[in-house]
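As structure tokens, the structure follows; a few thoughts come after it.
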Amino acid sequence: MASDTLTQARVTAEKGSAAAGSRDPFLDNAKFLLVVLVVMGHSWGPLEDRIRVMKAAYLVVYAFHMPAFVLICGHLARSFTGRPDQVRKLLTGVLLPYLVFETVYAGMYTVVWHQPFSITPTEPRYLTWFLLALFLWRLTVPLWRALRHPVPVAVLVSLGAGLTSMGYDLALPRVLMFLPWFVLGMSLRREHFAPLRTPVARWIAVPVLLCACLGAYWAAPRTSGGWLLMQWSGPDMGVPAGTYVVTRLGLFALAAILTSAFLALVPGRATVFTALGAVTLYPYLLHGLFVKTVEGSGGYDVVAAGGLPSAALLTVLAGVLAVLLGSAPVRRAAGPFVEPRLPKWLWSPEETPPRAAPGASEPAPSRQSAR
């Protein structure tokens, strides 16, 4: 079924590339590969303290995959000005799915983990934080456009947030600590990615990522992945302010290097999986249901007992799951939950939004040149 999904995706990508105003394959390829890493990373989480190789892989992926994802989201949101049609897309494409899946995950935690059922939209559960963060980041785009040096200001905000004790309301720690990557993505134009699309950059990227893997394997028993989650501040972790700032600046530099290396290896042409990059919201929101169900049922104890071969099989299955969750049958079945619609009577009569195509999770494609 996964091969059928990829074949169908290739046909869609080829048709899309031939059409005028087609999407940028480079960005869609990057989004698909990043969501695969998200699914794999979440599947590795319960194993990071049991299998050293899994923790090393976890550290490498978490060092850059969310910064890269946030950067691309910022790049795609750079034209947001707060027009009514943009706000409607933001409500129906980001805020509504957040509210729906906050409820879905609350129910899953009750069934699998036997927790009391409660819906807490101001305190996002598990992976839903990203949708709430994306909603808030997009609303602030006009603010960052008004500043002369938005990226340094965002870095200062991020570091300042990390020096302050705050609760998890509205996922503010992650919203503020990942903010520089969104603002950086906003500030980048298409040509800024050109230096990464050269053979030299690709040749450099491979040893960079290999060195990161070796470094992560050495660091695995000596460090915690908590720094990479951007969920806790320095005071929460009991870290002195100076140590915290230096460490965070080092993590900024590491994420920038690894993100550049990753993007250098992303194909710039339409591939077998390009079309799946347009529907990454489906695997992102749905895969957590599988991961948490396996974890809650004790499945990870079985994987840990099987050692590295079982963990490798789990990794392959996670990649297959990411592909299947973006397939057309899944999109048709889950579409009302992942892409819910507001009733027509809520819209202004003269500005009723057009009916979206099934499975469309992105704004209308822009005229960007494919590389």
Q.
Checking Asp236 against (1) in contact (Cβ under 8 Å) with a residue 40 or more places away in the chain; (2) assigned to a helix (DSSP H, G or I); (3) of a type outside the set (Val, Ile, Thr); (4) closer than 27 Å to Leu27 by Cα: exactly one of these is not met. Which one?
A. (4)
Q: Name, by its number, the condition in (1) touching a residue at least 60 places away in the same chain (Cβ under 8 Å); (2) open to solvent by less than 50 Å² (accessible area, probe 1.4 Å); (3) assigned to a loop (DSSP other than H, G, I, E, B) that does not hold for Thr120.
A: (1)
Q) Applying the selection to the stretch 149-165, what residues are open to solvent by less than 30 Å² (accessible area, probe 1.4 Å) and over 20 Å from Val239 (Cβ atoms)? A) Pro150, Ala154
Q: Restricting attention to the stretch 166-192, report how many residues are part of a helix (DSSP H, G or I), open to solvent by 30 Å² or more (accessible area, probe 1.4 Å), among the aliphatic types (A, V, I, L, M) and in contact (Cβ under 8 Å) with a residue 24 or more places away in the chain.
A: 2
Q) Is it the case that Ala253 is part of a helix (DSSP H, G or I), of a type in the set (A, V, I, L, M) and surrounded by 17 or more Cβ atoms within 10 Å (Cβ to Cβ)? A) no
Q.
Return the pair list, or none, for Cβ contacts closer than 6 Å from residues in the stretch 311-337 that are without any contact (Cβ under 8 Å) to a residue 40 or more places away in the chain and more than 20 Å from Val94 (Cβ to Cβ) to residues that are acidic (Asp, Glu) and surrounded by fewer than 16 Cβ atoms within 10 Å (Cβ to Cβ), at least 6 apart or on different chains.
A. none
(Q) If a residue must be surrounded by 15 or more Cβ atoms within 10 Å (Cβ to Cβ), among the polar types (S, T, N, Q) and more than 15 Å from Ile51 (Cα to Cα), how many such residues does the stretch 296-320 contain? (A) 0
Q: Give the stretch 85-144 a look and list any residue that's acidic (Asp, Glu) and more than 18 Å from the chain's Cα centre (by Cα), or say none.
A: Asp85, Glu123
Q. In the stretch 123-144, which residues are in contact with a helix residue (DSSP H, G or I) (Cβ under 8 Å, 6 or more places away or on another chain), open to solvent by 70 Å² or more (accessible area, probe 1.4 Å) and in a helix (DSSP H, G or I)?
A. Leu139
Q: Would you confirm whether any residue within the stretch 148-167 is in contact with a Gly (Cβ under 8 Å, 6 or more places away or on another chain) and hydroxyl-bearing (Ser, Thr, Tyr)?
A: no
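The values are calculated or read from the model by the stated rules, or taken from the named source; none is laboratory data. Predicted model only: the values in this text are computed from it and were never measured. No Cβ is skipped: glycine too gets one built from the backbone with ideal geometry, and neighbour counts run over all protein chains shown. Note: accessible area is taken over every heavy atom of the protein model, side chains too, but ligands, DNA and RNA are not part of it. Shrake-Rupley method; radii C 1.70, N 1.55, O 1.52, S 1.80 Å.
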